[in-house]
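The values are calculated or read from the model by the stated rules, or taken from the named source; none is laboratory data. Computed from a prediction, not measured in an experiment: that's the story for all the values here. Positions of Cβ are backbone-derived with ideal geometry, glycine not excepted, and every protein chain shown enters the neighbour counts.
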């Protein structure tokens, strides 16, 4: 049994680390758009923030729908090839992004003026939506990998480590894009890096323990057995009961909606906001990147605290951290008036530290609630709701900034965080459904 235990640990950590690298590549070809916006506005000043915000909103809704659909698909498909398909198409879309001006001139026959701008924004919107559709092929298969390789009592800790891939990808993308000299390079350079990531995923990842000759994780309470899982009718009934009609999943999804409103307000508009506050392009990139680094540390901390101090009751950690996020956002509002960039950066980092804990753990609560057989579907619903946040952070927030400036934004986000805190607090005493049936000896996994 010892060789099996050693082999399982090797493959478990290989899957965790390699899927982290693979998923971070999705962020290279997603968050680069935020850094291209200020450069595009320098070249085409007639394009407003509200127009870019409309593209972000539309793309976010499409991404949320894609996460929902891919969540259901992800419970029934091979995770490695699911990831390869999604990242490959995103790479292609980003290469084409850099040729938007030439495509517009070719289609409209104009190189400037209203016809050119209208065609330019239409092509960019179509490409952005295509990119978001296949971005939805990222998280669901990774969640499928995690719940198949990590037992429930370790999931908060290891899923939190894995979730740093969000911040790693956004951090590296922010730093790289902060030093690029044109909007075209903001698309082409990340696309080249992510193309390498496609081949890395093919070479390193495997779907389930049984695909490499290892025993599967044991069943937990309420989970379908293998034979039932192969019956489409039984699986649909299980999915409907455990996921789509489960009020716990919808509370988690609504909470994630409010978490993401705060997160995207900073990530999508942070570069523009910070540059208008007087920071250089490179320094604004580093500031957003530090927010992500703090988020990485916050996720790991939240996962450890959840498993070790709260006995995997991750919803309690989420509620506490949302209170702390609210306090940080209120503080940021007043720090703007003090004109203290260092203090602003420290408190912004603290906000990221506390905010990214709930982002990582809400999916863990959902996965343990529904078992590994339906975990991707559950996080698909959560992902769909979280990206409805772009209805608020896209066009409305862009219009808000055009009208009132950036100053009141942190008080607005603090109110959003309070709502999220109230939502997750309703699950404070949620029953633990991750108890393993007939737990085998530890040597098996």
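List the helices (runs of 4 or more DSSP H) inside the range 97-154, counting only whole elements, that have at least 3 residues being crowded, with 20+ Cβ neighbours inside 10 Å, at pLDDT 90 or above and touching a helix residue (DSSP H, G or I) at 6+ places or on another chain (Cβ under 8 Å). Lay out the reasoning, then the answer.
Numbers: elements: 100-108, 113-135, 139-149.
Correct list: 113-135, 139-149.
Go through the range 285-315 residue by residue and tally those that are at pLDDT 80 or above and within 21 Å of the chain's Cα centre (by Cα).
Of all residues in the range 285-315, those at pLDDT 80 or above come to 290-291, 293-311, 313-315.
Then drop every residue that is not within 21 Å of the chain's Cα centre (by Cα), which leaves 290-291, 293-304, 306, 314-315.
Result for the range 285-315: 17.
Can you name the number of the only condition in (1) touching a residue at least 60 places away in the same chain (Cβ under 8 Å); (2) more than 27 Å from residue 205 (Cβ to Cβ) that residue 112 fails?
Among (1) touching a residue at least 60 places away in the same chain (Cβ under 8 Å); (2) more than 27 Å from residue 205 (Cβ to Cβ), the lone unmet condition for residue 112 is (1).
What is the number of the single condition among (1) part of a helix (DSSP H, G or I); (2) surrounded by fewer than 24 Cβ atoms within 10 Å (Cβ to Cβ); (3) modelled with pLDDT under 90 that residue 189 does not meet?
(3)
Can you name every one of the helices (runs of 4 or more DSSP H) wholly within the range 332-408 that holds 3 or more residues which are at pLDDT 80 or above and within 28 Å of residue 307 (Cβ to Cβ)? Let's see the steps before the verdict.
Details: elements: 341-370, 375-387, 390-393, 395-404.
Because the criterion is at least 3 residues that are at pLDDT 80 or above and within 28 Å of residue 307 (Cβ to Cβ), the helices (runs of 4 or more DSSP H) in the range 332-408 that meet it are 341-370, 375-387.
Evaluate the following for residue 53: is it surrounded by 24 or more Cβ atoms within 10 Å (Cβ to Cβ), touching a helix residue (DSSP H, G or I) at 6+ places or on another chain (Cβ under 6 Å), in contact (Cβ under 8 Å) with a residue 24 or more places away in the chain and over 18 Å from residue 375 (Cα atoms)? Steps first, please.
Details: surrounded by 24 or more Cβ atoms within 10 Å (Cβ to Cβ): yes; touching a helix residue (DSSP H, G or I) at 6+ places or on another chain (Cβ under 6 Å): yes; in contact (Cβ under 8 Å) with a residue 24 or more places away in the chain: yes; over 18 Å from residue 375 (Cα atoms): yes.
Yes: the conditions hold for residue 53.
What is the number of the single condition among (1) at pLDDT below 85; (2) not in a helix (DSSP H, G or I) that residue 52 does not meet?
Here residue 52 meets the rest and fails (2).
I'd like to know if the range 300-322 contains one or more residues that are in contact with a helix residue (DSSP H, G or I) (Cβ under 6 Å, 6 or more places away or on another chain), more than 27 Å from residue 383 (Cβ to Cβ) and part of a helix (DSSP H, G or I). Spell out the reasoning first.
Initial filter on the range 300-322 (in contact with a helix residue (DSSP H, G or I) (Cβ under 6 Å, 6 or more places away or on another chain)): 300, 302-307, 310, 312, 314-315, 317-319, 321-322.
Those still in the list that are more than 27 Å from residue 383 (Cβ to Cβ) too: none.
No - not one qualifying residue is present in the range 300-322.
Has the range 211-230 got at least one residue that is in a helix (DSSP H, G or I), over 21 Å from residue 141 (Cβ atoms) and modelled with pLDDT of 85 or more? Give the derivation first.
Taking the range 211-230 as the starting set, the residues that turn out to be in a helix (DSSP H, G or I) are 211-212, 226-229.
Next cut, over 21 Å from residue 141 (Cβ atoms) only: 227-228.
Pick out the ones that are also modelled with pLDDT of 85 or more and you get none.
The answer is no; no qualifying residue exists.
Quick one: in the range 385-403, of everything that is surrounded by fewer than 23 Cβ atoms within 10 Å (Cβ to Cβ) and under 16 Å from the mean Cα position of the chain (by Cα), which residue is nearest to residue 59 (Cα to Cα)? Before the answer, list the steps.
Within the range 385-403, the subset surrounded by fewer than 23 Cβ atoms within 10 Å (Cβ to Cβ) is 385, 388, 391-392, 395-396, 399-403.
The next check asks that each one be under 16 Å from the mean Cα position of the chain (by Cα); those that pass are 385, 388.
On the way: 385: 14, 388: 10 Å.
Going through the qualifying residues, I end up with 388.
Would you please name the residue that is farthest from the chain's Cα centre (by Cα), looking only at residues in the range 339-363 that are free of Cβ contacts under 8 Å to residues at least 40 places away in the same chain and at negative phi?
This residue is 340.
Given the conditions (1) part of a helix (DSSP H, G or I); (2) touching a helix residue (DSSP H, G or I) at 6+ places or on another chain (Cβ under 6 Å), report the number of the one that residue 80 does not fulfil.
(2)
Residues are listed down the side, and each one gets a yes or a no for (1) buried (at least 19 other Cβ atoms within 10 Å of the Cβ); (2) in contact with a helix residue (DSSP H, G or I) (Cβ under 6 Å, 6 or more places away or on another chain); (3) more than 23 Å from residue 79 (Cα to Cα):
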position	(1), (2), (3)
8	yes, no, no
12	yes, yes, no
25	yes, yes, no
28	yes, yes, no
32	yes, yes, yes
36	yes, yes, yes
40	yes, yes, yes
43	no, no, yes
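Six or more apart or on different chains, Cβ atoms under 7 Å: show the pairs whose first residue is in the range 69-95 and at pLDDT below 90 and whose second is surrounded by fewer than 18 Cβ atoms within 10 Å (Cβ to Cβ) and assigned to a helix (DSSP H, G or I).
So the pair list comes out empty.
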